[in-house]
1. If you check Asp242 against the conditions, is it within 18 Å of Gly185 (Cα to Cα), charged (D, E, K, R) and surrounded by fewer than 16 Cβ atoms within 10 Å (Cβ to Cβ)?
2. So the check is Cβ under 8 Å with 6+ separation or different chains; which pairs have a first residue in the stretch 377-400 that's closer than 14 Å to Ile64 by Cβ and a second one that's surrounded by fewer than 13 Cβ atoms within 10 Å (Cβ to Cβ) and aromatic (Phe, Trp, Tyr)?
3. Tell me yes or no: at least one residue of the stretch 174-197 is in a loop (DSSP other than H, G, I, E, B), of a type in the set (Ser, Thr, Tyr) and surrounded by 17 or more Cβ atoms within 10 Å (Cβ to Cβ).
4. Residues of the stretch 141-170 being in contact with a Ser or Thr (Cβ under 6 Å, 6 or more places away or on another chain) and not in a loop (DSSP other than H, G, I, E, B), which ones?
5. Which of the residues that make up the stretch 126-153 are in contact (Cβ under 8 Å) with a residue 60 or more places away in the chain, closer than 27 Å to Val85 by Cα and among the aliphatic types (A, V, I, L, M)?
6. Looking at the structure I just gave you, is Lys183 among the basic types (Lys, Arg) and within 24 Å of Ile110 (Cβ to Cβ)?
7. Counting only residues that are among the hydroxyl-bearing types (Ser, Thr, Tyr) and part of a loop (DSSP other than H, G, I, E, B), which one in the stretch 285-303 is nearest to Gln375 (Cα to Cα)?
8. Quick check on the stretch 302-328: of everything there that is of a type in the set (Asp, Glu) and within 27 Å of the chain's Cα centre (by Cα), which residue is farthest from His271 (Cα to Cα)?
Amino acid sequence: MNICRFLLAVLFTFSGFVKAVDPLGFFYKIQDYLTAFGIVSWFPSYLLMLFAIALPAVEFSVGILLFFGVRRKSSTTMALLLMVVMTPLTLYLALTNPVSDCGCFGDAWILTNWETFGKNVVLLIAAISVFKEQELITRFITPKMEWMVSMYTFLFVFVLSFYCLNNLPVLDFRPYEIGKNIKAGMEIPEGAQPSEFESHFILEKDGKKQEFTLENYPDSTWTFVEARTVLKKKGYEPPIHDFSIVSMETGEDLTDGILSDKGYTFLLVVHRIEETDDSNIDLINEIYDYSVEHGYGFYALTSSPEEQIELWRDRTGAEYPFCQMDDITLKTIIRSNPGLMLIKEGTILNKWSDNRLPDEYVLTDSLDKLSLGQQKQVNDLRTIGYMLLWFIVPLLIIIGVDILVVRRREKRGKALNDNAINNKVPE
């Protein structure tokens, strides 16, 4: 039973953690599910975002409570409830395949739908075993101190989620991590057969919508509606397989030119303009002016139709060029709408969320003379170490107080009780 308990504890903690560091990514996955089921319009975005934060918090907390052996009834009940819901759901996903990845472990560990179902069957058996024999769970914390473990666990995971939501994920498991070269991520190993993709564009003229490809892209009398990437033939898929930048004005593919540019290039990601936060419009325009002044490239990447782009330009006074890119790719590149990425020769040097854009106090000279123009140093092991310190050190303090104070006091009270019983004079 305790082996099952620790198995559940580890997987629930891991699952909750990797989703908590990327709440926006989990939010997108929930939208994918609801879109596949045709019910995405039933739920407001704020409700889905609340769920995207709450579920990882519950998973992480259940895992920690199971590990420490506290709140045994509530933790085992919640673990069983989650598995009872998720197991038949993942069976349905495996049979129908509406989405290719369930998102159980975010982008940290990608499983097929059948692999996910098999994993959930094992966890369901473990959850039933632990629920039935919960009284046998070995405690690491006394009942008097378990409330502190519960409270701090919930506080930690919620603070982590909101921090990553307002900034960017502290751990990036996607192929667009800082330091990665986009061109290298698109390369196919020698001898491997690549998948064949084709960009499709929906355009409208005189109230009639029609689909085009790059080969038959029409003249400017047509109005752009949307774009999507279509898989023509399955083959080897490199980590980056759908990165394509197409000019909105000419329909020209600018991808190779941008990724081969030896200078700096700013890429502003606004995956859906109608949903974009416009509180930092002036700062974005200042960064564009800075780019023009120093001869750097600046492109806005979006999947929104042309009328939305025109509304954005009217509202913001934006003069930078807009390019079309696949919506899923834009969401994958950066977890912010808008978000900013700096590249040089295809290498990602830095990324900023809307709340952390560089301002005039930072952009004081050309990028080659600023630390901003150097690749940001990212060390995942160090980041994990810091988070472990923030989480484990307070728990160690709680355990220390539990051992040195609470348990010693309980032993002293028990000893006094036993002594009183032994010395009681019979009538």
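1. Spelling it out, it is not the case that Asp242 is within 18 Å of Gly185 (Cα to Cα), charged (D, E, K, R) and surrounded by fewer than 16 Cβ atoms within 10 Å (Cβ to Cβ).
2. none
3. In the first step, residues of the stretch 174-197 are kept if they are in a loop (DSSP other than H, G, I, E, B); the result is 174-180, 186-193, 195.
Going one step further and asking which of them are of a type in the set (Ser, Thr, Tyr), we end up with 176, 195.
Then keep just the ones that are surrounded by 17 or more Cβ atoms within 10 Å (Cβ to Cβ); that gives 176.
Yes; the residues of the stretch 174-197 include at least one that is in a loop (DSSP other than H, G, I, E, B), of a type in the set (Ser, Thr, Tyr) and surrounded by 17 or more Cβ atoms within 10 Å (Cβ to Cβ).
4. Thr153, Phe154
5. If the condition is that a residue be in contact (Cβ under 8 Å) with a residue 60 or more places away in the chain, closer than 27 Å to Val85 by Cα and among the aliphatic types (A, V, I, L, M), then Ala126, Ala127, Val130, Leu136, Ile137, Val149 are the ones that fit.
6. Yes; evaluated as a whole, the condition is true for this residue.
7. That would be Tyr296.
8. For the stretch 302-328, the residue satisfying everything is Asp326.
The values are calculated or read from the model by the stated rules, or taken from the named source; none is laboratory data. Keep in mind that this is a model prediction, so the values were computed, not measured. Heads up, the Cβs are rebuilt from the backbone with ideal geometry, glycines too, and the neighbour counts pull from every protein chain shown.
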